[in-house]
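Sharing a structure with you now.
The values are calculated or read from the model by the stated rules, or taken from the named source; none is laboratory data. As the structure is a computational prediction, the values presented were derived from the model and not from experiment. Positions of Cβ are backbone-derived with ideal geometry, glycine not excepted, and every protein chain shown enters the neighbour counts.
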Amino acid sequence: MEEEKSAAVMPANRRMQPARQIHTIDPFYDGDSQILILGSFPSIKSREVGFFYGHPQNRFWKVTAAVFGEVPPASIEEKKVFLRKHHMAMWDTIRSCTITGSSDSSIRDVVPNDIGEILSAADIREIYCNGATSYNLYMKYIFPSTGRKPVKMPSTSPANAAWNMDRLTEVWQRIRKE
């Protein structure tokens, strides 16, 4: 009985077990895409809604909207219009992995995505990795085949509490076309 009681008060993410997950969100790009933003692997919420940065606490849409002086897009269709307008492609470095919940720090058994499809279809001038996990996985698994070094950006995840909105927006200004 005591074990049941302690499990009931334990946060949900502590009770989660590692599970093999497959990326289910298609890459987003078109022939006009000029920058590619890569996350690590979609969060549980992003997988549920079927699009990138679907958790309302993730600051990606707020930060990028601030960079371009716009209102953050809300619906998936608004997000796609925003990305097209600013020539942004999106995907993640990981195709499948073992992960506990949405925790980047728990990722293991990685199979990377092949970004060659995007690179051959669009004139990508720069690749940005949203956070250290995406960057490190890109360098380990994807850089050897592309030879294209990405720019490591601070993560927009709420887990990156050391970076407030102002600091994130300042650094993310780099994604603006020159």
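Kindly provide the set of residues from the range 21-39 that are farther than 23 Å from residue 160 by Cα and of a type in the set (Gly, Ala, Ser), ordered by number.
Of everything in the range 21-39, those that are farther than 23 Å from residue 160 by Cα and of a type in the set (Gly, Ala, Ser) turn out to be 31, 33.
How many residues are among the basic types (Lys, Arg) and more than 17 Å from residue 152 (Cα to Cα) when one looks only at the range 112-138?
Total satisfying the criteria: 0.
In addition: Kindly check whether there is at least one residue in the range 71-87 that is modelled with pLDDT of 95 or more and among the hydroxyl-bearing types (Ser, Thr, Tyr).
The answer is yes; a qualifying residue exists.
Find all pairs meeting these conditions: Cβ atoms under 8 angstrom apart; at least six residues apart or on different chains; first residue within the range 16-30 and within 13 Å of residue 46 (Cα to Cα); second residue crowded, with 18+ Cβ neighbours inside 10 Å and among the hydroxyl-bearing types (Ser, Thr, Tyr).
These pairs meet every condition: 25/46.
Given the criteria more than 21 Å from residue 33 (Cα to Cα), surrounded by 14 or more Cβ atoms within 10 Å (Cβ to Cβ), touching a strand residue (DSSP E or B) at 6+ places or on another chain (Cβ under 7 Å) and touching a residue at least 60 places away in the same chain (Cβ under 8 Å), does residue 115 qualify?
no
Which of the residues spanning the range 68-96 are among the β-branched types (Val, Ile, Thr) and surrounded by 18 or more Cβ atoms within 10 Å (Cβ to Cβ)? Can you show your working first?
Taking the range 68-96 first, the residues among the β-branched types (Val, Ile, Thr) are 71, 76, 81, 93-94.
Hits for the range 68-96 are 93, 94.
Looking only at the range 16-64, count every residue that is touching a Leu at 6+ places or on another chain (Cβ under 7 Å), among the polar types (S, T, N, Q) and not in a loop (DSSP other than H, G, I, E, B) and tell me the total.
Qualifying residue count, the range 16-64: 0.
If you don't mind, there's one more thing I want to ask. Quick check: is even one residue across the range 99-111 of a type in the set (Gly, Ala, Ser), under 23 Å from residue 57 (Cα atoms) and touching a strand residue (DSSP E or B) at 6+ places or on another chain (Cβ under 8 Å)?
Checked the range 99-111: at least one residue is of a type in the set (Gly, Ala, Ser), under 23 Å from residue 57 (Cα atoms) and touching a strand residue (DSSP E or B) at 6+ places or on another chain (Cβ under 8 Å).
Between residues in the range 123-144 that are within 15 Å of residue 60 (Cβ to Cβ) and modelled with pLDDT of 95 or more and residues that are among the charged types (D, E, K, R) and surrounded by fewer than 20 Cβ atoms within 10 Å (Cβ to Cβ), which pairs lie under 6 Å by C-beta distance while being six or more apart or on different chains?
Taking only residues 6 or more apart or on different chains, the pairs are 129/152.
Going by the conditions given, is residue 67 touching a Leu at 6+ places or on another chain (Cβ under 6 Å) and either at pLDDT 95 or above or farther than 25 Å from residue 137 by Cα (or both)?
Taking the combined requirement at face value, the residue does not satisfy it.
Could I ask something else about it? Going by what's in this entry, would residue 71 be described as within 26 Å of residue 170 (Cβ to Cβ), in contact with a helix residue (DSSP H, G or I) (Cβ under 9 Å, 6 or more places away or on another chain) and without any contact (Cβ under 8 Å) to a residue 12 or more places away in the chain? Walk me through it before giving the result.
Values: within 26 Å of residue 170 (Cβ to Cβ): yes; in contact with a helix residue (DSSP H, G or I) (Cβ under 9 Å, 6 or more places away or on another chain): yes; without any contact (Cβ under 8 Å) to a residue 12 or more places away in the chain: yes.
In short, yes.
If residue 53 satisfies all but one of (1) crowded, with 17+ Cβ neighbours inside 10 Å; (2) within 13 Å of the chain's Cα centre (by Cα); (3) on the phi < 0 side of the Ramachandran plot; (4) touching a residue at least 60 places away in the same chain (Cβ under 8 Å), what's the number of the condition it fails?
The number of the failed condition is (3).
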